[in-house]
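Quick notes on the structure that follows.
The values are calculated or read from the model by the stated rules, or taken from the named source; none is laboratory data. What you see is a predicted model; the values in this text were computed from it and never measured. Cβ coordinates were reconstructed from backbone atoms using ideal geometry, including for glycine residues, and neighbour counts include every protein chain displayed. Each accessible area value is taken on the protein alone, full model and side chains, heavy atoms only, with ligands, DNA and RNA left out. Shrake-Rupley method; radii C 1.70, N 1.55, O 1.52, S 1.80 Å.
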Amino acid sequence: MDYDIIVVGGGPAGMTAAIYAGRGGWNTLLIDPMGGGGQPSTTDTIYNYPGFPEGIGGTEIMDLMARQAKAFGVKIAFDEVARIDKEQEGGFRVTTGEGGHTAKAVVYAAGTHPRKLGVPGEEKYLAKGISFCATCDGALFRDKVVAVVGGGDSALTEAVFLTKYAKEVLLIHRRDEYRAGMANVKLVRENPKIKELLSTVVESVRGEEFLTGITVRDLRSGEVRDLEVQGLFLYVGWTPNVEPVKHLVDTDDHGYVLAAEDMSTKTPGLFVAGDVRRKPLRQITTAVGDGATAAWSAENYLLLRGAK
Ligand code: NAP
């Protein structure tokens with residue numbers, strides 16, 4: 001086997017698993033298409049991770065985690081995992097875009113990817129006005145009007161973030177109540193640059209080379225309106241990245257992986273951690289806890305098999 005433990009995914013769950021596995025002296029590889037970062041690196045500032053009373057940059061905290069993993073001897077590969085298979089002799093083959101690796105145990109922490117709206121025009125204007133990352137693209141919309149779709153914490157925090165650049169932010173949510181917590185609702189309501197369009201859905205997206213506008217429907221009155229916006233930020237939830245392990249795990253109706261309290265799956269030696277797992281709260285704090293538990297369980301699994 002090439003490695004004792006392969007960690008798939010470099011968000012907070014994967015990085016924590018790698019830190020624990022590396023510190024435990026296990027020969028560990030972490031695979032991530034971007035070399036790590038995960039969802040926090042698409043967020044400007046994290047305010048609710050303990051230990052940082054002034055908040056900490058999303059990229060900054062993930063860079064620190066990667067440095068810590070490397071300091072414990074973890075190798076990090078910039079690669080994408082296509083499929084994981086259980087080998088005859090009990091280990092795993094992890095097939096990637098660049099080839100593949102083998103390991104005695106795997107921690108799968110591949111997270112989720114953003115959902116789209118599925119409305120006409122959306123595909124054409126992806127990355128041409130439509131974005132899933134305000135931190136990455138917000139500065140492109142200085143003094144422009146942008147819309148944010150969604151009513152969860154992501155939509156509300158990113159709407160507030162976008163007011164740094166945009167002259168107006170339209171916050172479009174399909175219900176008349178937000179899913180987001182009160183702290184974020186308060187920040188939205190205190191911000192004069194944000195205009196809330198509640199009980200409203202986006203019906204289509206239009207433009208020329210780049211996005212120029214959207215058509216929205218007010219679900220209470222039925223009124224349909226064309227709005228001029230240059231940017232459209234979608235925060236309408238997430239889909240778990242489960243494809244590479246689908247044949248090795250059980251999932252719930254939404255595709256999230258079912259795991260025991262120790263992060264084990266129905267395949268011995270395969271553990272999951274973070275947002276890809278069915279769980280009630282998806283935060284950096286809970287991802288970090290999952291990662292530590294998964295690495296600890298992988299270590300116990302290897303020790304029971306006399307791997308050290
Ligand atoms: P989320 O909580 O799942 O919210 C998704 C939002 O998109 C919901 O408001 C949903 O509407 C809406 N939506 C879904 N499909 C839609 C569609 N087809 N058209 C229009 N709207 C649609 O996702 P999230 O906001 O990304 O948050 C994910 C997790 O991360 C949550 O646990 C959240 O608390 C956490 N998070 C926390 C913070 C923080 O500051 N603490 C920041 C970011 C994320 P409905 O409400 O009607 O279902």
Using each residue's phi in the stretch 281-289, evaluate 6.51 cos²θ - 1.76 cosθ + 1.60 at θ = phi - 60° and report the 3J(HN,Hα) Karplus result to the nearest Hz, with x for Gly and Pro. 9, 9, 9, 4, 4, 6, 5, 4, x
Using only Cα atoms, find the angle between the long axis of helix 153-162 and the longest principal axis of the chain, and express it within 0 to 90 degrees, rounded to the nearest 10. 60
With every protein chain kept in place and a 1.4 Å probe, the stretch 99-149 has an accessible area per residue in Å² of 43
The extension gain from ARG206 to GLU177, computed as 0.36 nm times the residue separation minus the Cα-Cα distance, is 7.7 nm
Roll a 1.4 angstrom probe over the protein heavy atoms and tell me the percent of accessible area of the stretch 1-107 that is carbon or sulfur. 48
Relative contact order (%) - the stretch 116-234, alpha-carbon pairs under 8 angstrom, separation at least six: 32
Reduced to Cα centres, the span from the stretch 192-261 to the stretch 39-112 in Å works out to 26
Hey, which of these cross-link pairs are over 26 Å Cα-Cα: LYS124/LYS186; LYS75/LYS104; LYS128/LYS195; LYS167/LYS279; LYS75/LYS308? LYS124/LYS186; LYS167/LYS279
With Cβ to Cβ distances under 10 Å as the rule, what net charge do the other residues near PRO33 carry (K, R +1; D, E -1)? -3
Cβ-placed point charges (K, R +1; D, E -1), dipole of the stretch 24-176 about Cα centre in debye, nearest 20: 180
Sequence ranges 75-83, 274-282, 114-122, ranked by mean other-Cβ count within 10 angstrom, highest first: 274-282, 75-83, 114-122
Looking at the stretch 150-308, send over the antiparallel percent of its DSSP beta bridges, to the nearest 5. 75
Structure-based [θ]222 nm, the chain - -39500 (n - 2.57) summed over DSSP H runs of at least 4, per residue, nearest 500: -7000 deg cm²/dmol
In Å, what Rg and Dmax follow from the Cα atoms of the chain? 21.0, 68
How about the stretch 207-249: which chymotrypsin sites (Phe, Trp or Tyr not before Pro) there lie in a loop by DSSP and see at most 13 other Cβ atoms within 10 Å? PHE210
Compute the signed sum of charges (Lys and Arg +1, Asp and Glu -1) over the other residues within less than 12 Å, Cβ to Cβ, of VAL81. -4
Heavy atoms of the protein only, probe of 1.4 Å, neighbouring chains included. What is the accessible area of LYS164 in Å², nearest 10? 120
Please give the length that would be gained between GLU89 and ASP218 if that part of the chain were fully extended, namely 0.36 nm times their separation in residues minus their C-alpha to C-alpha distance (nm, one decimal). 40.5 nm
Please turn the phi angles of the stretch 291-308 into ³J(HN,Hα) values with the Karplus equation 6.51 cos²θ - 1.76 cosθ + 1.60 (θ = phi - 60°), one per residue in order, whole Hz, x for glycine and proline. x, 5, 5, 5, 5, 4, 5, 5, 4, 4, 4, 5, 5, 5, 9, x, 7, 9
Determine by what factor the alpha-carbon radius of gyration of the stretch 116-234 differs from 2.2 N^0.38 Å, reporting the quotient. 0.96
Using a 1.4 Å probe on the protein heavy atoms, what percent of the accessible area of the stretch 190-252 belongs to carbon and sulfur? 47
State the antiparallel share, in %, of DSSP beta bridges confined to the stretch 61-170, rounding to the nearest 5. 70
Semi-axes, largest first, in whole Å: what does sqrt of 5 times each Cα gyration tensor eigenvalue give for the stretch 27-85? 25, 14, 8
May I ask what percent, to the nearest 5, of DSSP beta bridges between residues of the chain are antiparallel? 45
Using Cα-Cα distances under 8 Å and only pairs 6 or more residues apart, what relative contact order does the chain have, in percent? 20
